[in-house]
Amino acid sequence: MRGATAWPPSPPPFFPRHGAAMQAYSHIDPAVLFQATGHDLEMFRALSQTYLDTSPAMFARVEQAVRGGAAQAIVHSCHTLRGTVALLGASALVARLAELEQLVRHQGVAAAGWLAETAALVGAVEQEVRRSMREYTGAQA
């Protein structure tokens, strides 16, 4: 049949802004949050912004607990942040926070260098969340 179109029509392809090729996400999986929002792009962006607004204080509590050596505070603050970043599909950060929770529960201390390495990972997650708010359309899910 000449001139027939497929039904339903395919969604338009995703084109990143300014014609740039879309980079893969290596620290988050935006589809996890997008699916959790029921495929609501406005809610996806609102929750992403909420993460950006609240995560610095959450990580500051982790840092303070680790520096103070308060095992219960370390476990609690890691658990709280871990639940939040799990919604972003930030599996490496989730694993790192869970690792510290277990280490502190069993040995009562954080590993040397843990804070600096984790702070770098938190920063990388934050950058990708910002990028996903600009670029992610849900067509990739």
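The values are calculated or read from the model by the stated rules, or taken from the named source; none is laboratory data. Here the structure is a predicted model, which means the values were calculated and not measured. Cβ: placed from backbone, ideal geometry, glycine included. Neighbour counts: every protein chain shown.
Annotations
- Selection from segment 23-68 of residues that are in contact (Cβ under 8 Å) with a residue 60 or more places away in the chain, surrounded by 13 or more Cβ atoms within 10 Å (Cβ to Cβ) and either among the charged types (D, E, K, R) or out of contact with any helix residue (DSSP H, G or I) (no Cβ under 9 Å at 6 or more places or on another chain) (or both): Asp29, Ala31, Gln35, Arg45
- Cβ-Cβ distances below 9 Å connect the following pairs, each with a first residue in segment 83-102 that is more than 17 Å from Ala119 (Cβ to Cβ) and modelled with pLDDT of 95 or more, a second residue that is among the charged types (D, E, K, R) and part of a loop (DSSP other than H, G, I, E, B), and a separation of six or more residues or different chains: Gly89/Asp29; Ser91/Asp29.
- Residue count, segment 81-130 (criterion: small (Gly, Ala, Ser), assigned to a helix (DSSP H, G or I) and in contact with an Asp or Glu (Cβ under 9 Å, 6 or more places away or on another chain)): 2
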